[in-house]
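Peer 1: Sharing a structure below in structure tokens format, with a few things to ask.
The values are calculated or read from the model by the stated rules, or taken from the named source; none is laboratory data. Given the structure is predicted, the values throughout are model-derived calculations rather than measurements. When we count neighbours, we look across all protein chains shown, and the Cβ atoms used for this are built from the backbone with ideal geometry, even at glycine. With ligands, DNA and RNA removed, areas are computed over all heavy atoms of the protein, side chains included. Shrake-Rupley method; radii C 1.70, N 1.55, O 1.52, S 1.80 Å.
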Amino acid sequence: MRHYIEDRFGLSAPEQTTEEFLLSISKNGYFDSKTQQCFSSFLEHCDMVKFAKYAPETAEIQQAFNVTRDFIEGTKQETRNGI
């Protein structure tokens, strides 16, 4: 998701810590508070997996996938042909 956000919105998300990223999106005005809260929960969960070696249940993995898919679908740019 961080790479998508960088490509779509021009934010250097992959190079930032979670805290830095959340601070930057709170200041830039791209995302409403509901989306910011969603990012916060999503990234905190990802950090647990990455840094604390948390092993999520299948349902948690599916939920993370759904959040990512829904965010991308809701924010992707239309092409000239509408595809």
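Peer 1: Could you list, ordered by first residue, the pairs with Cβ atoms under 6 Å in which the first is in the range 26-42 and in contact (Cβ under 8 Å) with a residue 40 or more places away in the chain and under 20 Å from PHE65 (Cα atoms) and the second is of a type outside the set (Gly, Ala, Ser) and assigned to a helix (DSSP H, G or I), at least 6 apart or interchain?
Peer 2: PHE42/VAL67
Peer 1: Looking at (1) at pLDDT 90 or above; (2) part of a loop (DSSP other than H, G, I, E, B); (3) open to solvent by less than 50 Å² (accessible area, probe 1.4 Å), find the lone condition where ALA55 falls short.
Peer 2: The number of the failed condition is (3).
Peer 1: Give the residues of the range 9-51 that are open to solvent by less than 60 Å² (accessible area, probe 1.4 Å) and not in a helix (DSSP H, G or I), sorted by residue number.
Peer 2: LEU11, SER12, GLN16, PHE31, listed by residue number.
Peer 1: Which one is nearest to HIS3 (Cα to Cα), of the residues in the range 58-74 that are surrounded by fewer than 14 Cβ atoms within 10 Å (Cβ to Cβ) and of a type in the set (Gly, Ala, Ser)?
Peer 2: The selected residue is GLY74.
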